[in-house]
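Q: Questions regarding the structure given below will be posed in turn.
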Amino acid sequence: MAEARLETGDLLATRPAGRGLWADAWARLRRNRAAVGSAILLGAIALASIVGPEVAPHGYDAISWDQVGVAPDLAGGYYFGTDDNGRDMFARTLFAGRVSLTIGLAATLVSLAIGVAWGAAAGYLGGRVDAAMMRFVDILYAMPFLFFVILLMVYFGRDPLLMFVALGAVSWLDMARIVRGQTLSLKRREFIEAAVAAGTRRRAIITRHIVPNCLGPVIVYATLTVPQIILLESFLSFLGLGVQEPMTSWGVLISEGARQVETAWWQLIFPSLFLATTLFCLNFIGDGLRDALDPKDR
Amino acid sequence: MSVILEIAGLTTRFTTPDGEVAAVSDVDLVLGEGETVGVVGESGSGKSQLFLSVLGLLARNGQARGSARFRGQELIGLQGRELRRLRGRRLAMIFQDPMTALNPHLTVGRQLTEVLAVHHGLGASEARARAIAMLERVRIPDASRRLGTYPHELSGGMRQRVMIAMALLGEPDVLIADEPTTALDVTVQAQILDVLREVKAEFGVATVLITHDLGVVAGLCDRVVVMYAGRIVEEGQVDLLFSAPAHPYTRALLGALPRVDTDGSGELVAIPGQPPNLQRAIRGCAFAPRCPVAEGRCGAERPPFAALGPGRAAACFKAGP
Amino acid sequence: MLGYTIRRMAGAVPTLFLVIVVSFFMMRLAPGGPFDKERVAPPEIRANLERVYHLDEPLWRQFLRYLGDVAQGDFGPSFKYKDFSVTQLIWQGFPVSLQLGGAAIVLAAVLGIVLGALAALNQNRPLDVAVMAGAMTGIAIPNFVLAPLLTLVLGVYLSWLPVGGWGDGGLRQAFLPVVALALPQVAYVARLARGSMIEVLGSNYIRTARAKGLPEHLTVARHALKGALLPVVSYLGPATAAIITGSVVIEQIFGIPGIGRYFVQGALNRDYTLVMGTVIFYGALIILANLIVDLVYGLLDPKVRYD
């Protein structure tokens, strides 16, 4: 007997309105308190680095011979104390932040550019070209790169541009591998075949399908590359091979502070604190992004 | 026939970041000694989670409530040594994908003999001998050499047979086979079903066969239980259920089966709609939105799982052939 | 397994070759270096250089000559330490660096695995959170920051340990440098071991092991551990490389007479042969470490071993 059929809308417990991949990831990221907190903290440090040296009571390179090696002195405006040249540590630490963060960002962009181009080309071209390109990456991967960077810096001078390139060149390998893997798996996915079958032009396929799908891992790795670069730069600066006077970076400050550790603890603590916190935050954010964009990875 | 496993009011919920999912909802089920019961349902019907709950093998975010008694002993909430004494020894479970269900880093022999060592206290040489004997029983040739191989060196069908052997070595009273043929080729499926049939004949183990494939059920089971959205919707003797299904869902499932004995001119009838989202509480009958004969009260009240005759029951207000 | 071994060893050769090539050409091209044609140098020195380095020969010949020397373990004389050959200097520093680095790797591996496994077995409970927080700290804080900080606390304020020097390599002297060197790698290994263990514990075959009624300690020790450790073993290659690299800075900070110190001083003193020699030596060590790790991995993974 035909009864009135119940409309699907009445009863069917509907799924939440289909959230796109990005909205989903964003929601997951927002739930990650460590990542959110880190982002806020990082923002604060960046802001302080940009604005701080301008508004600090003393200039970052202003020398006062009567204030040499002074402990933190709130009244006198030397919040973080002074170094052995009588320069204000507060302004210097924040200024160093500008340098370290900029280098981190710039070199990451270099590494991104090289890595994505290399990986996408290898993945897309496939076959023997791919094999050769990735073999090259494998060989480079096994080399003790850091030593060559040091040698580069020693032999060819301390040109900041050279340093960007050197740092970026050291870190593109992982990015290339990731992008190549993504490109390969995307090439084989059905929706690409469907797009090709529907007659979509190659350029459209690349921009509308391949790029958005690669974006996720690329963002994650870029975020995790920045702290690696900052670390490398600090390492070089610590050895006296990185940023040179009058510029300064956290690595330089830490190097100077380490030498005075027994007598002037503040020269070591503050730059170390800033560096460590920045690296912490970047790693948390990177991990958070990775969890948000690829839940299987948890 | 005496009851060996009795499940009553079993409900299993999973806590996810997006909410709570009721995978199994108030299920009653009885298994008799030596009986073979088929549990049929689509993916997400809760059929696997039901028995994972019984054995305490749920994922970390799962919680089972209700009762599942094995020979009178309550299993839900059982922990530690008590539970481990029963698992593998009295109740054994084999899983869907033998490639991932077997440990790729240990030899087949090791995975077989440890059951004997743990549950029967056998020494190495005797355990080896029994393992070889069991491999031969499940028709794996060259058994003694196989003991030293790793799972990835075997074919899919052989791996599943190893799983069956592994389960039987404990000499269980209940064997739960979770989709044992799903991951295999059709021809291999038939071989595995043969093995299960022989096992049933020889050992008389009470068996639960979980599957989404009605064809598998027909040849092997005495009774069938149909699940939908975490609930049992119909139950009965296999012949009766197949010839005269009482629940609209069962009817739809049978109607959707491609058959070799028709002339192929009719359309395959797919069931319209989708299974419900288990994150939301379901009002009334879970199948109502897709049911061709649903009426007003189907959406408001959950139909009770009521007997329709000896050994027959269905959860439907309009049950009947 | 044999094929795998041969392939891995064959792969190491081009890498080592590349290291030597790059080092050689970097040295030759460095402006202001001894080989710079622009340099005005006293004739005796020039004559000396030309004799020792065969500068009259074509470049490729010079390279082959250098290659041959390196193959026999001769890196040439040091520029700065006139009485010593680079090989002698490396040989002097190697035992110390080996002690330092070796202890650090062992510490990183053992402590990292133990902490990571414990964290995984207590997932989301206080121990796990503590271990992960510690690991994050180890990763974020560079060893050249950690070293002076540790020195400050343990050496200066608490005066428990000496602040520098190596002495005879005894425990008191070695503690700070080894710990400072190892800590970041302990963190990486712990994180990796934890993640890997958690993944394995969630896998189907662990569910099977539990379904068989195996006691939990057997499930973990026999079934879970092997699978969980494979990624960790793989990581030990890069971990060793990181420790070798990091030792350069640690030796500098603590004044330890190892190869790293020669490398840094060589770099700053423009002692080209010394720097090249140490770079090639380090490179060879890293390549060797990766090779050994790969081979060990091959032995442990049945899919590789029995193919």
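The values are calculated or read from the model by the stated rules, or taken from the named source; none is laboratory data. Values in this document were obtained by computation on a predicted structure and should not be read as measured data. Here Cβ is always computed from backbone atoms with ideal geometry, including for glycine, and neighbour counts include all displayed protein chains.
Q: Looking only at helices (runs of 4 or more DSSP H) that fall completely inside the range B:92-158, which ones have 2 or more residues that are closer than 17 Å to C:Thr219 by Cα and within 26 Å of the chain's Cα centre (by Cα)? Outline the logic, then answer.
A: Values: elements: B:98-101, B:108-120, B:124-137, B:143-146.
Output list reads B:98-101, B:108-120.
For every residue, the table says whether it meets (1) over 24 Å from the mean Cα position of the chain (by Cα); (2) facing another protein chain (nearest Cβ under 10 Å); (3) buried (at least 24 other Cβ atoms within 10 Å of the Cβ).
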site: C:Phe94; (1), (2), (3): no, no, no
site: C:Gly102; (1), (2), (3): no, no, no
site: C:Gly112; (1), (2), (3): no, no, yes
site: C:Leu154; (1), (2), (3): yes, no, no
site: C:Trp166; (1), (2), (3): no, no, no
site: C:Arg172; (1), (2), (3): no, no, no
site: C:Phe175; (1), (2), (3): no, no, no
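Q: Please verify whether A:Met153 is assigned to a helix (DSSP H, G or I), under 18 Å from A:Ala107 (Cβ atoms) and touching a residue at least 24 places away in the same chain (Cβ under 8 Å), treating the condition exactly as stated.
A: Working: assigned to a helix (DSSP H, G or I): yes; under 18 Å from A:Ala107 (Cβ atoms): yes; touching a residue at least 24 places away in the same chain (Cβ under 8 Å): yes.
Judged against the criteria, A:Met153 is a match.
Conditions (1) more than 25 Å from A:Asp61 (Cα to Cα); (2) away from chain C (no Cβ under 11 Å); (3) surrounded by fewer than 20 Cβ atoms within 10 Å (Cβ to Cβ); (4) at pLDDT below 85, marked per residue:
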{"residue": "A:Arg189", "(1), (2), (3), (4)": "yes, yes, yes, yes"}
{"residue": "A:Ile206", "(1), (2), (3), (4)": "yes, yes, yes, yes"}
{"residue": "A:Cys214", "(1), (2), (3), (4)": "yes, yes, no, yes"}
{"residue": "A:Phe235", "(1), (2), (3), (4)": "no, no, no, yes"}
{"residue": "A:Glu245", "(1), (2), (3), (4)": "no, yes, yes, yes"}
{"residue": "A:Trp266", "(1), (2), (3), (4)": "no, yes, no, yes"}
{"residue": "A:Cys281", "(1), (2), (3), (4)": "yes, no, no, no"}
{"residue": "A:Ala292", "(1), (2), (3), (4)": "yes, yes, no, yes"}
{"residue": "A:Asp297", "(1), (2), (3), (4)": "yes, no, yes, yes"}
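Q: Answer yes or no as to whether A:Gly251 is at the interface with another protein chain (Cβ under 9 Å from one of its Cβ atoms) and not in a helix (DSSP H, G or I). I'd like the intermediate steps shown before the answer.
A: Working: at the interface with another protein chain (Cβ under 9 Å from one of its Cβ atoms): yes; not in a helix (DSSP H, G or I): no.
Spelling it out, it is not the case that A:Gly251 is at the interface with another protein chain (Cβ under 9 Å from one of its Cβ atoms) and not in a helix (DSSP H, G or I).
Q: Scan B:Leu122, B:Leu102 and give me the residue that is crowded, with 18+ Cβ neighbours inside 10 Å, without any contact (Cβ under 8 Å) to a residue 12 or more places away in the chain and either within 14 Å of chain C (Cβ to nearest Cβ) or farther than 23 Å from B:Ile192 by Cβ (or both). Walk me through it before giving the result.
A: Working: B:Leu102 fails: without any contact (Cβ under 8 Å) to a residue 12 or more places away in the chain.
Result: B:Leu122 is the single residue among B:Leu122, B:Leu102 that is crowded, with 18+ Cβ neighbours inside 10 Å, without any contact (Cβ under 8 Å) to a residue 12 or more places away in the chain and either within 14 Å of chain C (Cβ to nearest Cβ) or farther than 23 Å from B:Ile192 by Cβ (or both).
Q: So which of B:Arg85, B:Arg69, B:Arg81 ends up being away from chain C (no Cβ under 12 Å) and farther than 20 Å from B:Leu196 by Cα? Steps first, please.
A: Details: B:Arg85 fails: away from chain C (no Cβ under 12 Å); B:Arg81 fails: away from chain C (no Cβ under 12 Å).
Of B:Arg85, B:Arg69, B:Arg81, the one residue that is away from chain C (no Cβ under 12 Å) and farther than 20 Å from B:Leu196 by Cα is B:Arg69.
Residue-by-condition table, conditions (1) more than 14 Å from the chain's Cα centre (by Cα); (2) within 26 Å of A:Ser255 (Cα to Cα); (3) within 14 Å of chain B (Cβ to nearest Cβ):
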position	(1), (2), (3)
C:Ala241	no, yes, no
C:Ser247	no, yes, no
C:Ala267	yes, yes, no
C:Ala284	no, no, no
C:Val293	no, no, no
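Q: In the range A:268-279, which residue that is within 16 Å of A:Ala44 (Cβ to Cβ) and facing chain C (nearest Cβ under 9 Å) is surrounded by the fewest Cβ atoms within 10 Å (Cβ to Cβ)? Quick ask: steps written out before the conclusion?
A: Within the range A:268-279, the subset within 16 Å of A:Ala44 (Cβ to Cβ) is A:270, A:273-279.
With the extra rule that they be facing chain C (nearest Cβ under 9 Å), the set shrinks to A:275-279.
On the way: A:Leu275: 27, A:Ala276: 19, A:Thr277: 17, A:Thr278: 25, A:Leu279: 25.
The residue in question is A:Thr277.
Q: Out of all the residues in the range B:203-231, which are β-branched (Val, Ile, Thr) and either part of a helix (DSSP H, G or I) or within 13 Å of the chain's Cα centre (by Cα) (or both)? Give the steps one after another, and end with the answer.
A: Within the range B:203-231, the first condition is being β-branched (Val, Ile, Thr), and the residues that meet it are B:205, B:207-208, B:210-211, B:216-217, B:224-226.
The answer is B:Thr207, B:Val208, B:Ile210, B:Thr211, B:Val216, B:Val217, B:Val224, B:Val225, B:Val226.
Q: For C:Ile250, are the conditions met, namely being outside any helix (DSSP H, G or I), in contact with a helix residue (DSSP H, G or I) (Cβ under 7 Å, 6 or more places away or on another chain) and crowded, with 21+ Cβ neighbours inside 10 Å? Write out each step before concluding.
A: Working: outside any helix (DSSP H, G or I): no; in contact with a helix residue (DSSP H, G or I) (Cβ under 7 Å, 6 or more places away or on another chain): yes; crowded, with 21+ Cβ neighbours inside 10 Å: yes.
It is false that C:Ile250 is outside any helix (DSSP H, G or I), in contact with a helix residue (DSSP H, G or I) (Cβ under 7 Å, 6 or more places away or on another chain) and crowded, with 21+ Cβ neighbours inside 10 Å.
Q: Out of C:Phe79, C:Phe94, report the one residue that is modelled with pLDDT under 80 and among the hydrophobic types (A, V, I, L, M, F, W, C). Walk me through it before giving the result.
A: On the way: C:Phe94 fails: modelled with pLDDT under 80.
Just one listed residue meets the conditions, C:Phe79.
Q: Testing A:Leu21 on (1) within 19 Å of B:Pro17 (Cβ to Cβ); (2) modelled with pLDDT of 75 or more; (3) loosely packed, with under 14 Cβ neighbours inside 10 Å, one condition comes back false. Which one is that?
A: (2)
Q: Just to be sure, is C:Leu161 in a helix (DSSP H, G or I), within 14 Å of chain A (Cβ to nearest Cβ) and farther than 30 Å from C:Met197 by Cα? Before the answer, list the steps.
A: Details: in a helix (DSSP H, G or I): no; within 14 Å of chain A (Cβ to nearest Cβ): yes; farther than 30 Å from C:Met197 by Cα: yes.
Taking the combined requirement at face value, the residue does not satisfy it.
Q: Something else: Of all residues in the range A:97-122, how many are closer than 16 Å to A:Gln244 by Cα, aliphatic (A, V, I, L, M) and touching a Leu at 6+ places or on another chain (Cβ under 8 Å)?
A: Qualifying residue count, the range A:97-122: 1.
Q: Can you pull out the residues in the range A:217-245 that are part of a helix (DSSP H, G or I) and more than 18 Å from the chain's Cα centre (by Cα)? Before you say what the answer is, go through the steps one by one.
A: From the range A:217-245, those part of a helix (DSSP H, G or I) are A:217-238; that's our starting set.
Once the filter is applied, which keeps residues that are part of a helix (DSSP H, G or I) and more than 18 Å from the chain's Cα centre (by Cα), the range A:217-245 yields A:Ser237, A:Phe238.
Q: What is the one condition in (1) of a type outside the set (Asp, Glu); (2) assigned to a helix (DSSP H, G or I); (3) within 8 Å of chain C (Cβ to nearest Cβ) that A:Val261 does not satisfy?
A: (2)
Q: Right, here's the next one. Return only the number of the condition from (1) under 27 Å from A:Thr278 (Cβ atoms); (2) touching a residue at least 60 places away in the same chain (Cβ under 8 Å); (3) under 21 Å from the mean Cα position of the chain (by Cα) that C:Arg194 does not satisfy.
A: The single condition C:Arg194 does not satisfy is (3).
Q: Just to be sure, is B:Ser48 hydroxyl-bearing (Ser, Thr, Tyr), surrounded by fewer than 24 Cβ atoms within 10 Å (Cβ to Cβ) and modelled with pLDDT of 90 or more?
A: Numbers: hydroxyl-bearing (Ser, Thr, Tyr): yes; surrounded by fewer than 24 Cβ atoms within 10 Å (Cβ to Cβ): yes; modelled with pLDDT of 90 or more: yes.
For B:Ser48, the condition - hydroxyl-bearing (Ser, Thr, Tyr), surrounded by fewer than 24 Cβ atoms within 10 Å (Cβ to Cβ) and modelled with pLDDT of 90 or more - is met.
Q: When the residues of the range B:283-307 are filtered to those that are of a type in the set (A, V, I, L, M, F, W, C) and within 24 Å of the chain's Cα centre (by Cα), which remaining residue is farthest from the other protein chains (Cβ to nearest Cβ)?
A: The initial filter retains those residues of the range B:283-307 that are of a type in the set (A, V, I, L, M, F, W, C), namely B:285-288, B:291, B:293-294, B:298, B:300, B:305-307.
Keeping just the survivors that are within 24 Å of the chain's Cα centre (by Cα) gives B:285-287, B:305-307.
Values: B:Cys285: 9, B:Ala286: 9, B:Phe287: 10, B:Phe305: 20, B:Ala306: 20, B:Ala307: 24 Å.
This residue is B:Ala307.
Q: Counting only residues that are touching a residue at least 24 places away in the same chain (Cβ under 8 Å), among the aliphatic types (A, V, I, L, M) and assigned to a helix (DSSP H, G or I), how many does the range C:1-18 have?
A: So the count comes out to 3.
Q: Any idea which of A:Ala264, A:Ala258 is free of Cβ contacts under 8 Å to residues at least 60 places away in the same chain and within 24 Å of C:Leu149 (Cα to Cα)? First the steps, then the outcome.
A: Values: A:Ala264 fails: free of Cβ contacts under 8 Å to residues at least 60 places away in the same chain.
Result of the check over A:Ala264, A:Ala258: A:Ala258.
Q: Could you please let me know if B:Ala59 is within 26 Å of B:Leu214 (Cβ to Cβ), hydrophobic (A, V, I, L, M, F, W, C) and surrounded by fewer than 22 Cβ atoms within 10 Å (Cβ to Cβ)? Working first, answer last.
A: Details: within 26 Å of B:Leu214 (Cβ to Cβ): no; hydrophobic (A, V, I, L, M, F, W, C): yes; surrounded by fewer than 22 Cβ atoms within 10 Å (Cβ to Cβ): yes.
For B:Ala59, the condition - within 26 Å of B:Leu214 (Cβ to Cβ), hydrophobic (A, V, I, L, M, F, W, C) and surrounded by fewer than 22 Cβ atoms within 10 Å (Cβ to Cβ) - is not met.
Residues are listed down the side, and each one gets a yes or a no for (1) part of a helix (DSSP H, G or I); (2) of a type in the set (S, T, N, Q); (3) touching a Leu at 6+ places or on another chain (Cβ under 7 Å); (4) modelled with pLDDT of 75 or more:
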{"residue": "A:Val129", "(1), (2), (3), (4)": "yes, no, no, yes"}
{"residue": "A:Asp138", "(1), (2), (3), (4)": "yes, no, no, yes"}
{"residue": "A:Met143", "(1), (2), (3), (4)": "no, no, yes, yes"}
{"residue": "A:Phe147", "(1), (2), (3), (4)": "yes, no, no, yes"}
{"residue": "A:Gly168", "(1), (2), (3), (4)": "yes, no, no, yes"}
{"residue": "A:Ala176", "(1), (2), (3), (4)": "yes, no, no, yes"}
{"residue": "A:Gly181", "(1), (2), (3), (4)": "yes, no, no, yes"}
{"residue": "A:Ala195", "(1), (2), (3), (4)": "yes, no, no, no"}
{"residue": "A:Gly199", "(1), (2), (3), (4)": "no, no, no, no"}
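Q: Follow-up. Specify which of the listed residues (C:Ala228, C:Ala221, C:Ala284) is surrounded by 20 or more Cβ atoms within 10 Å (Cβ to Cβ) and either in a helix (DSSP H, G or I) or at pLDDT 90 or above (or both).
A: On the way: C:Ala221 fails: surrounded by 20 or more Cβ atoms within 10 Å (Cβ to Cβ); C:Ala284 fails: surrounded by 20 or more Cβ atoms within 10 Å (Cβ to Cβ).
Every option except C:Ala228 fails the conditions.
Q: Here's something else I'd like to know. From the list C:Val70, C:Val145, which one is under 30 Å from A:Phe270 (Cβ atoms), under 22 Å from the mean Cα position of the chain (by Cα) and surrounded by 15 or more Cβ atoms within 10 Å (Cβ to Cβ)?
A: On the way: C:Val70 fails: under 30 Å from A:Phe270 (Cβ atoms).
Criteria check complete, one pass: C:Val145.
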